[in-house]
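These notes concern the structure reproduced below.
Values quoted throughout were computed directly from the atomic coordinates according to the rules given, and no laboratory measurement underlies them. All values reported here derive from a predicted model rather than from experimental measurement. Every residue, glycine as well, gets a Cβ built from its backbone with ideal geometry; the counts of neighbours run over all protein chains shown.
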Amino acid sequence: MPYFVHETAIVDDNVNIGEGTKIWHFSHVLSQTTIGENCSFGQNCVVGPKVTMGNGIKVQNNVSIYEGVEVEDDVFLGPSMVFTNVINPRAFIQRKEEFKKTLLKKGCSVGANATIVCGVTIGEYALIGSGAVVNKDVKAFALMVGVPAKQIAWVGISGNTLEFIENKAEDEFASYELIDNNLKVERK
């Protein structure tokens, strides 16, 4: 088998799992789910049904990824973070036809205990702080914190906060340097 499934985990029929992926204790992957290569799922995770996940994804313990959620490559999902898939759930009303699509784009990270309300897109390399509640789309490279989540900064691919240094120019236009891991990119 080109992937690993712990003996306590359950993988239903009609599931595609990529090479190098590891599914740990007490996790369950439901039917019609596709998981890419080199992914890791911690203890007590549920994935599916009908979920598509890219390559290189890291899912920490106690995360459930429901129908309607799509996760692109290199995404990090922190411990006990939460997805929803219906805006107005009721125990006594079935709303499976109302599941809203949630998209996590390449390289984004979601911190521990954050909640992602269904129907949003989280942009490339965005960083969602622990405990945040995301109820609107998130721009690429945005750092989001709080309830509801608000953008407080920008982050680079490294996940570090970006620093913009204004250089006073002699003309009326100022230039900016973007610093991420000691790399400088000039913006005009």
Subject >> Computed log₁₀ I(q)/I(0) - Debye formula, equal Cα scatterers, no solvent, the range 1-84, q 0.17, 0.19, 0.23 Å⁻¹ >> reply: -0.54, -0.70, -1.10
Subject >> Protection proxy ranking of 68-79, 143-154 - average other beta-carbon atoms within 10 Å, highest first >> reply: 68-79, 143-154
Original post:
Of the cross-linked pairs Lys22/Lys96; Lys96/Lys150; Lys22/Lys101; Lys106/Lys136, which ones have a Cα-Cα span greater than 22 Å in the structure shown?
Top reply: Lys22/Lys96; Lys96/Lys150; Lys22/Lys101
Original post:
Separation of the range 7-29 and the range 88-145 by C-alpha centroid, Å?
Top reply: 24 Å
Original post:
Considering only the range 4-158, what is the antiparallel percent among its DSSP beta bridges, to the nearest 5?
Top reply: 10 percent
**OP:** With both partners inside the range 66-124, how many of the DSSP beta bridges are antiparallel, as a percent to the nearest 5?
**Re:** 10 percent
Original post:
Got the relative contact order for the chain handy, in percent, Cα pairs under 8 Å and 6 or more residues apart?
Top reply: 10 percent
Original post:
Taking Cα pairs under 8 Å and at least six residues apart, what relative contact order does the range 1-74 come out at, in percent?
Top reply: 24 percent
Original post:
Rg and Dmax of the chain over Cα atoms: what are they, in angstrom?
Top reply: 18.9, 68
**OP:** Convert 4 °C to kelvin, take the viscosity as 1.567 mPa s, use the Kirkwood radius over C-alpha pairs of the range 70-119 as Rh, and evaluate the Stokes-Einstein diffusion coefficient in µm²/s, rounded to a whole number.
**Re:** 108 µm²/s
Original post:
Calculated FRET efficiency, Ala91 and Glu67, Cβ-Cβ r, R0 25 Å, to nearest 0.05?
Top reply: 0.90
